Structure formats: C-alpha cells, structure tokens
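K.L.:
Structure below; questions to follow.
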C-alpha cells in the first residue's frame, strides 16, 4: 500500500486472496480477505472496488465471521457510501451503527463512529453540536492510544468554526503546531484558516510551506481539494494543474478515512478552480455540486455551493442568481449557518444595487 509503484499489484493480490477464500469455503478467511481489499484499496481510483468489498463483507451471514470484523465492515460501508455519494440519510445510518457498536461494547468502532456523529451534526447545520461531538470523539480517540486525535479534531473544528465565524480561536493553536516536522495537512490547514478569515497574503505565505504533492494514499483527495480551496482563493499558478488532477474524481464526495470529516463534492472544488480562471465552467460545476450535496443531506455544503453559484451568476444571470439565493434561505433555515446566511444577503444586496 505504501509503495505507489506496487500498489496496484497489492490490490490485485488481496482480490486474489478473496477468490482463494471463496474456494476454501471459509467465511472467516473471506471476511479477513475482503477487509484487506478495503484497506489496500484506500485510493480514489479504487473506490468502486472498496465499496463492493464492504458490501460483500456486511452481507456475510455466518457465525464464523468475527463480530469485530463485521462491525468494521459496517463502518467501512458507511464511509465508502458517503464517499461515493450513495447515501440518502447519513445521520440515521450513523445512529444505527452507533447503537450496534454500543451493544457490542466495541470501543474502537465506537470511537470511529463518534467522528461520524460529528459529521452528521455538521450536515444538519448543528454547529454547536458538531463542536461538542468532535471534542467527545477526540477524547475517545485519545483513550484508545491511536495516533491522530489532535489532527482529526483540528480538521473538524476548522470546518465547524469556518461556519461559526470563529476561526481566530484555532489559528494560534494551529500556528504553534506548524514546525519543521509538522505534517503537510496541518500546514495546509493553517492556510485554509487564513483563507476563511479573508487574510489572503497570510494564506499565500502558509500555502507555500505546504508541499504541492503528497503520496496517493487515503488522504490524497482530501489534501488535494483543500489545496484547491486555498489555490483558488489566492489565485495560485497551480490552479490549472489542480483542476487536471481532480477532474477524474468529479463524481466523488471527499471523506477523510479515520475521521469521517467531509469536505463536500469534488465538483465544488472544480468550480472554485474554474471560477478563479475564466468562470466558463464554474456554474456547471457548482450546479452539479448542489445536486450531490442535496442527495447526501449536507446542508453547509449545499449552502456553500449555492453561494458560489449565486456569485458566478450575479452578472451573467441575475434572475437565476436570485432564485439560487432563495434556495439558500431554505437550506439554512433552522440551522446555525449564520455566516453563509449573511454572505448570501450580501450577494442579494449586490444584485439589488446592480438593477
């Protein structure tokens, strides 16, 4: 998996292991082999392979299949279904999985699902609930002794605080973490915080500290769309290259394995990149992102992609822009998405002044 030159070979070997387990007629071995396919296939190009393996794993109905393996399969399927945009009620699926994990008293899966609960709250626009659940997930994560709890918390809080207008609260913390040995994702996250605050020159300086290329692994897509988010905001020369790298994954929803942090549809980031250049394709990308975000029930992202679309349409099609702003009002109703609500009103004022 960690050798990019041989990763495809590794995936095929795990799939061959599945075939062998089937020939041997061993449900336990088949479950282990299917799990190996999911783990070895944690790259964007292998999403369909992972999803098929997860579906097969949870469908195994045999007492020989270890309970923890079956539970892991359900967690994998939840994440992968969201990643593929093939889930209609994420919150309900998470609640069912949590209930099952608590009945089994499985702390590892329960911790993973605690992060999923934070994402479910975020999808609903319950930002204070998101913060509370993210802190709970981080505490659970730390108790397991696994690495990554602080990084995962930072990722969830950046998403949450971006919508609460509270990014300044984590900026100092992130800067204290950015040293010579800081992971690329943390350096990039610091640049994202600066973009969210409107500090473009600071974002440009921090962006330069984050490497442009990271290994094609489970975090590649998340890192690349977030790099696109910053690059589009600062008009970086890397925009064209990022568009080309992301275009093959335009049907994907960005979900970070291990934390369930969701950054919305790849289409949204293609739209940001297109908008930074000439905007010709931006409206199409944002409209497609709207459909994805509506389907998965991600209200912050549904509002964000509509806000971006309304800005593109302000001059080209004011009437359609107004209709999109009306859609934002419906999306954010009953939520804590006040930052987006205010931004939408500013676009509406611009439209009124132009008429």
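The values are calculated or read from the model by the stated rules, or taken from the named source; none is laboratory data. Predicted model, so just to flag it, every value in this text is computed and none were measured. Ideal geometry is used to build each Cβ from the backbone, glycine not excepted, and the neighbour counts take in all protein chains shown.
K.L.:
Looking only at segment 139-154, which residues are part of a helix (DSSP H, G or I) and closer than 18 Å to residue 222 by Cβ? Walk me through how you get there before you give the answer.
P.N.:
From segment 139-154, those part of a helix (DSSP H, G or I) are 139-144, 149-154; that's our starting set.
Once the filter is applied, which keeps residues that are part of a helix (DSSP H, G or I) and closer than 18 Å to residue 222 by Cβ, segment 139-154 yields 141, 149, 150, 151, 152, 153, 154.
K.L.:
Sticking with this one: Being touching a residue at least 12 places away in the same chain (Cβ under 8 Å), touching a helix residue (DSSP H, G or I) at 6+ places or on another chain (Cβ under 7 Å) and crowded, with 24+ Cβ neighbours inside 10 Å: is that true of residue 271 here? First the steps, then the outcome.
P.N.:
On the way: touching a residue at least 12 places away in the same chain (Cβ under 8 Å): yes; touching a helix residue (DSSP H, G or I) at 6+ places or on another chain (Cβ under 7 Å): yes; crowded, with 24+ Cβ neighbours inside 10 Å: yes.
For residue 271, the condition - touching a residue at least 12 places away in the same chain (Cβ under 8 Å), touching a helix residue (DSSP H, G or I) at 6+ places or on another chain (Cβ under 7 Å) and crowded, with 24+ Cβ neighbours inside 10 Å - is met.
Matching residues to (1) touching a helix residue (DSSP H, G or I) at 6+ places or on another chain (Cβ under 8 Å); (2) farther than 19 Å from residue 255 by Cα; (3) part of a helix (DSSP H, G or I):
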{"position": "38", "(1), (2), (3)": "yes, no, yes"}
{"position": "56", "(1), (2), (3)": "yes, yes, yes"}
{"position": "61", "(1), (2), (3)": "no, yes, no"}
{"position": "75", "(1), (2), (3)": "yes, no, yes"}
{"position": "93", "(1), (2), (3)": "yes, no, yes"}
{"position": "102", "(1), (2), (3)": "yes, yes, yes"}
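K.L.:
Next up: Here are 121, 138: which of them is surrounded by fewer than 23 Cβ atoms within 10 Å (Cβ to Cβ), on the phi < 0 side of the Ramachandran plot and at pLDDT 95 or above? Lay out the reasoning, then the answer.
P.N.:
On the way: 138 fails: surrounded by fewer than 23 Cβ atoms within 10 Å (Cβ to Cβ).
The unique qualifying residue is 121.
K.L.:
Still on this model: What are the pairs with Cβ atoms under 9 angstrom where one residue, in segment 24-41, is at positive phi and surrounded by 22 or more Cβ atoms within 10 Å (Cβ to Cβ) and the other, located anywhere, is modelled with pLDDT of 90 or more and in a helix (DSSP H, G or I)? Sequence gap at least six, or different chains.
P.N.:
Short answer, once both residue conditions are applied: none.
K.L.:
If you don't mind, another one. For segment 239-254, check the following and say yes or no: at least one residue is in a strand (DSSP E or B), crowded, with 19+ Cβ neighbours inside 10 Å and under 18 Å from the mean Cα position of the chain (by Cα).
P.N.:
yes
K.L.:
Of the numbered conditions (1) in contact (Cβ under 8 Å) with a residue 24 or more places away in the chain; (2) surrounded by 19 or more Cβ atoms within 10 Å (Cβ to Cβ); (3) touching a helix residue (DSSP H, G or I) at 6+ places or on another chain (Cβ under 7 Å), residue 79 satisfies every one except a single condition; which is it?
P.N.:
Condition not satisfied by residue 79: (3).
K.L.:
Do we find that residue 221 is surrounded by fewer than 17 Cβ atoms within 10 Å (Cβ to Cβ) and touching a residue at least 60 places away in the same chain (Cβ under 8 Å) in this structure? Don't jump to the end; show me each part of the working.
P.N.:
Numbers: surrounded by fewer than 17 Cβ atoms within 10 Å (Cβ to Cβ): no; touching a residue at least 60 places away in the same chain (Cβ under 8 Å): yes.
It is false that residue 221 is surrounded by fewer than 17 Cβ atoms within 10 Å (Cβ to Cβ) and touching a residue at least 60 places away in the same chain (Cβ under 8 Å).
K.L.:
Taking interchain pairs and intrachain pairs at least six residues apart, which have beta carbon atoms under 6 angstrom, with the first residue in segment 333-355 and within 22 Å of residue 301 (Cα to Cα) and the second modelled with pLDDT under 95 and exposed (fewer than 11 other Cβ atoms within 10 Å of the Cβ)?
P.N.:
none
K.L.:
Condition first: in a helix (DSSP H, G or I) and modelled with pLDDT under 95. Can you find one or more residues in segment 230-237 that meet it?
P.N.:
Within segment 230-237, the first condition is being in a helix (DSSP H, G or I), and the residues that meet it are 230-234.
Filter once more, keeping what is modelled with pLDDT under 95: none.
No, segment 230-237 has no match at all.
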